[in-house]
1. Put +1 on the Cβ of each Lys and Arg and -1 on the Cβ of each Asp and Glu in region 195-292; which of 216, 196, 259 then has its Cα farthest toward the positive end of the dipole?
2. Given contacts defined as C-alpha pairs under 8 Å and at least six residues apart, what's the relative contact order of the chain, whole-number percent?
3. Can you tell me which of 181, 140, 211 moves the most in a GNM of the chain? Springs connect C-alpha atoms under 10 Å apart.
4. As an exercise, identify the trypsin sites (Lys or Arg not before Pro) in region 249-292 lying in DSSP coil whose Cβ has no more than 12 other Cβ atoms within 10 Å.
5. Run the numbers on region 126-222 and let me know its relative contact order in percent, using alpha-carbon pairs under 8 Å that are six or more apart.
6. For the chain, what are the DSSP H helices with axial Cα length of 18 Å or more and mean Kyte-Doolittle hydropathy of at least -1.0?
7. Expected output is a single nm value to one decimal: the length gained when fully extending between residue 163 and residue 136, i.e. 0.36 nm times separation in residues minus the C-alpha distance. What is it?
Amino acid sequence: MQPRPPVMLERLRRKVLSPLFDRLGYDLVPAAPDWSHRPTSPREVATLLESAAAILELDFSASGLTPDGDLLESVREFWALIPTAPVRQRRGGSGFNGALQLYVVMRALKPDFVIESGVFRGLTTWVIRQACPHAKIFCHDPDLSGLHYRDPQARYSTADWSKADWSGLEPARTVAFFDDHVAQGRRVVEAHARGLTRLLFDDDAAGHRIHAHGGPAHPTIAMITGPAHSPEPIRWTRNGRQFEQPADDALVRQAAGLIAQAHAFDDLHRATGYSPARLTYVALHPAAGGGS
């Protein structure tokens with residue numbers, strides 16, 4: 001379990017810092033991950049884990065993935081594993097649900113190579129390492145200064161993943177995970193050009209929900225694969241900024257033609273009570289010539 005903050009620091013936060021931040025319009029909360037709050041009675045733990053496993057079973061069936069062994073057992077293993085995570089984060093990044101989905105999906109895909117675009121504090125790198133202990137992981141993020149976990153075997157770069165030389169990689173044995181707030185349609189096109197066919201995306205959002213996502217990576221997979229109901233652009237406001245996704249977009253059309261299958265996993269909130277996850281699995285059509 002995560003340690004409690006020092007008593008004096010907690011008193012300072014409650015009595016001085018929190019009121020100050022509140023007047024400025026901000027919330028100041030301890031950086032305790034959501035999984036530090038959990039049921040402890042056996043019956044309630046079993047209900048949570050069994051409910052999560054049942055939903056994941058449906059998602060695996062819909063996405064065409066084959067679990068690595070019994071899903072409930074994998075969920076139990078993750079439940080015991082996540083309190084040891086070396087990354088503490090409350091705002092941004094993955095919570096319990098997203099980390100659980102990433103763990104079981106990576107175990108199912110069994111990649112020998114993983115490209116991770118968007119690392120943040122390093123939690124997802126740690127989750128991937130737990131799921132794929134022997135995989136070669138390539139971590140790309142323009143700012144690596146905030147890492148709380150640095151995998152000793154991973155290769156790190158501040159360059160965009162699309163600028164790297166992947167000629168030594170075997171696409172069929174590779175999975176790319178994108179959590180980088182870059183247009184998901186662009187990432188689909190880039191991955192296909194390099195022969196990749198197995199992709200994971202965080203923060204996929206439909207047009208009517210994208211306003212709730214920070215740094216919306218539009219066009220999202222949901223926009224690309226969803227039906228076109230209207231020629232009107234999708235418009236939204238976030239933090240005072242105006243955004244627009246054109247309805248007739250060449251990138252949307254190009255990416256749509258490359259996607260063989262896409263499945264957005266259930267957010268798991270109704271099963272676990274933790275913050276909703278936003279993981280989407282995307283399978284691409286093989287590139288002509290195998291990519292590079």
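Readers should treat all values here as calculations from the given coordinates under stated rules, not as data from a laboratory. What you are looking at is a predicted structure, and each value in this text was computed from that prediction instead of being measured. Backbone-built Cβ (ideal geometry, glycine too); neighbour counts: all protein chains shown.
1. Selected residue: 216.
2. RCO, the chain: 18 percent.
3. Highest fluctuation among the options: 211.
4. none
5. Rounded, it is 23 percent for region 126-222.
6. Helices meeting the criterion: 42-63, 96-109.
7. 7.9 nm
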